[in-house]
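Working notes, structure below.
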Amino acid sequence: MDISHPIRLAVLVGLVAVAAGQAPALLAFYLTLLCAAAFLGLASVAHLRAVDDPRPGTVAEAGACAAMGLLTVAAAALRFPGIGAGDSTSASDALVRAALAIAIAGLIVPLVVEGRRRLAAGWTARSRSISRARQLPL
């Protein structure tokens with residue numbers, strides 16, 4: 001299986017992690033921990049991709065996946081004490097939502113960076129063609 005953009009899969013995992021907050025405490029802890037493992041696995045895949053292709057967009061994806069993994073591990077650690085009492089903390093929900101926001105930002109940032117690069121390349125090519133046209137003898 002080829003994962004060319006791990007951040008796309010990370011957004012889906014983030015949605016699962018946010019939905020886990022509505023589950024009972026033990027299931028929420030289990031799903032949050034599974035999502036943390038998925039984020040950290042995606043972070044390693046994104047890191048390998050960033051090593052092969054060190055553009056700013058791929059590096060941003062790797063950083064976003066790593067940050068999401070760390071936030072979700074922290075959320076699971078906050079949910080663990082609530083298993084016995086059957087409650088969940090709002091701090092863990094906030095951490096998981098922050099991880100989802102990072103996933104969405106990590107999805108958008110590479111697109112913006114690539115668009116700006118293409119726009120700058122287009123302007124450079126256009127200015128070169130205009131300067132060449134001015135240099136042609138009439």
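Data table
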item	result
Per-region count, the range 10-33, residues surrounded by fewer than 24 Cβ atoms within 10 Å (Cβ to Cβ), touching a residue at least 12 places away in the same chain (Cβ under 8 Å) and closer than 15 Å to residue 78 by Cα	8
Candidate set: the range 32-60, residues that are part of a helix (DSSP H, G or I) and more than 14 Å from the chain's Cα centre (by Cα); chosen: the one farthest from residue 83 (Cα to Cα)	52
Some residue of the range 80-93 being of a type in the set (Val, Ile, Thr) and part of a loop (DSSP other than H, G, I, E, B)	yes
Check on residue 89, of a type in the set (S, T, N, Q) and touching a Leu at 6+ places or on another chain (Cβ under 6 Å)	yes
Counted residues, the range 77-113 - those being at pLDDT below 80 and exposed (fewer than 14 other Cβ atoms within 10 Å of the Cβ)	6
Scan of the range 2-31 for residues that are part of a loop (DSSP other than H, G, I, E, B) and in contact with a Ser or Thr (Cβ under 7 Å, 6 or more places away or on another chain), ordered by number	21
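The values are calculated or read from the model by the stated rules, or taken from the named source; none is laboratory data. Computed from a predicted structure; not experimentally measured. A quick note on method: Cβ atoms are made from the backbone with ideal geometry, for glycine too, and the neighbour counts reach across all protein chains shown.
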